Amino acid sequence: MQRLGLVRRAIVVCPANLASKWVADFERFFGGGLRHLTANTIREDAVGSHNLWVVSLELAAVNPAVLWGDANPRASERAATFIFLASIVGTLRPGRGRGASAPEVKAACSVPDLSFTVTDADTVIEELVSSDTGMSAVEVIPGQGHNKPARYFLSTRLTHRMLVDNIRRTITDGERDEVIAEFTQRLSSSGPFRDLRFVEADINRKPDGVLATAGIDTAHTTRLVVLDPAQFSLRNGSEQSTIEALTIAMGLGAGTTQLPVQWASSCVFAVVNTQRRSNARGMAVEYLARKKALAAPEIQGDDELKATGTKELAASKDQFEKAIKRAFQHVAYFGQPDPEGERRLEQLTFDDEHSTSLDGAMVWKALVERDKVFDAGAFTAKALVHNLRDSDYGRTLSDSRASFYSAPRLPLLYAGDRDLQQAIYDAVQAGAVLIIDGASEAVAVTAPNQVNLASAGLWLAKPKPAAAGETGAGSAGGATGPGGERVPPGGTGEDGLGSAPGGAEPGSGGAGPGGVVEQQIAFSFTKNLLGDGYAADDLAAVFKAIYQALDERGISYGQGTLQLVVKAEIADQISQRLEALGINAAIKSV
């Protein structure tokens, strides 16, 4: 029970579910007299029509007027009047500064009633000078400790704050979302990811439709995809549409929502947090208001206002950028923690205020801890063999390459294809794996860049262990080809297939105990064939032998540059044939 005003008036504050019980108990014991105070009662200004009320805790918390409104009905008006009068008088008051001090305004809005406390006076003043709901013409001069309280000055001339407040009310949600998208793209960085994409919102379509048609299923490419905060967000109870869109985009949908997605494993999404997005939206409005205010003629024509506007714009821009980075707190990706388990949508959240999913390097480091990716230099030959299943042997190099971008059980590689080429080369050199051709014969590899990951005619094979009783390099065994057949060995020990046994270079003619399946041949020549028919015939025989080897599929790799001086019509014929092979020929007159 509480005394309100100068009249003995009682009010009961209780949980909402007990309010009706209080009314019923008063009816039973005292014959009535207690009424239920609701929001409608306050809006209709009917509090003064009765002396006994019961109100819920929730209503009393959000409506302070429930407790002191009747005793102090004009608190805001008296506070505003005092600020106005103190601003007019100015510094004429002895010992006073500009406008009214905070204690003076509190005293002006107070009444001799216990229901109106100092805290209530602070609430009245805060609402009165608020830039959103209060008097925009009031200039707030911050205080410095207890000896120099804050002051409020009602200016009669245009101030920067007044202009900003007026412009703030004109900014639309579309303008706000557009500037957020602009800053989000500018603050994003790909890091180790090869591609950085931004999926723009389309409010006329559902999120799943926008993401399904965004064209983000790119082959053989690690992608960081940033989703527009205007339509996509996670947490705070409003994430269902985003979760559904991500699930469908990763090919995990069911029925009519299942899409033919192949490269979902190499796609990582950066998603904003719903609650932090609200803060970023507020910062966006502040930034836009100050940006427009600075461009206004009133500000440009006043050096003092221009300096103030420039300073506030820089500060608001900095706060806006920080809010966006902090808002992007979540990472979503296609995962399979258990290689034998189900595939599912995985999420990762940055709790650190200084981390953001807009930074590809930070995202990659976080995914390293989840075993989703390999860090720089971590993917070695040993790591390659560890991650390969038995079913991965006997697959073409192109299929093996595709698996590292499409299979969620295989981590993504920091340098992509270069890491895979290096790991395969090192594994071949160590004898851990073999590369075989269609005839199940081992292929020599002399450098990482010679591992042709686009080849559909070369396979990865697992070397067979040596049979019992076999010794020496010749017992290194062959390999298991795509059909399970035996493949002759291509080398021994750490030399593997890249060199002949004993350390002889390929093409040196040194045939060790195991035999060399392939050799590398390299030659250069300079011949003046004009008028020398015998030299032309000899060189033609060489090219005929090369042609025959190509025709019989006896050459597995070729690299070089050939310069010929020929007739113009022959040059055109050769150029056309080279273009058909995707080879660009440089032709010039001599």
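Computed quantities for the displayed model
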item: Elements of type helices (runs of 4 or more DSSP H) contained in region 261-343, each with 2 or more residues being crowded, with 22+ Cβ neighbours inside 10 Å, more than 19 Å from the chain's Cα centre (by Cα) and touching a residue at least 40 places away in the same chain (Cβ under 8 Å); result: 274-295
item: Evaluation of residue 346 against (1) among the acidic types (Asp, Glu); (2) part of a loop (DSSP other than H, G, I, E, B); (3) under 23 Å from residue 263 (Cβ atoms) (one fails), failing number; result: (2)
item: Residue among 122, 202, 113, 195 that alone is of a type outside the set (S, T, N, Q) and open to solvent by 50 Å² or more (accessible area, probe 1.4 Å); result: 122
item: Unique residue being within 24 Å of residue 216 (Cβ to Cβ), in contact with a helix residue (DSSP H, G or I) (Cβ under 9 Å, 6 or more places away or on another chain) and part of a helix (DSSP H, G or I) when the list is 403, 398; result: 403
item: Conditions (1) among the hydroxyl-bearing types (Ser, Thr, Tyr); (2) part of a helix (DSSP H, G or I); (3) more than 28 Å from residue 389 (Cβ to Cβ); (4) in contact with a helix residue (DSSP H, G or I) (Cβ under 8 Å, 6 or more places away or on another chain): number failed by residue 238; result: (2)
item: So residue 215, is it within 18 Å of the chain's Cα centre (by Cα), more than 30 Å from residue 165 (Cα to Cα) and free of Cβ contacts under 8 Å to residues at least 12 places away in the same chain; result: yes
item: Region 431-448: number of residues that are under 39 Å from the mean Cα position of the chain (by Cα) and open to solvent by 30 Å² or more (accessible area, probe 1.4 Å); result: 2
item: Residue in region 172-205 that is nearest to residue 246 (Cα to Cα), counting only those that are basic (Lys, Arg) and assigned to a loop (DSSP other than H, G, I, E, B); result: 205
item: Selected residue (only one of 186, 223 is modelled with pLDDT of 95 or more and open to solvent by less than 10 Å² (accessible area, probe 1.4 Å)); result: 223
item: Residue within region 382-394 that is open to solvent by less than 50 Å² (accessible area, probe 1.4 Å) and closer than 20 Å to residue 219 by Cα present; result: yes
item: Among residues of region 20-41, those that are of a type in the set (A, V, I, L, M, F, W, C) and either at pLDDT 80 or above or assigned to a strand (DSSP E or B) (or both), counted; result: 5
item: Of all residues making up region 536-555, the number that are in a loop (DSSP other than H, G, I, E, B) and surrounded by 10 or more Cβ atoms within 10 Å (Cβ to Cβ); result: 3
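The values are calculated or read from the model by the stated rules, or taken from the named source; none is laboratory data. Just so you know, these numbers come straight off a predicted model, no measurement behind them. Backbone-built Cβ (ideal geometry, glycine too); neighbour counts: all protein chains shown. Protein only, heavy atoms only, side chains kept; ligands, DNA and RNA dropped before computing areas. Shrake-Rupley method; radii C 1.70, N 1.55, O 1.52, S 1.80 Å.
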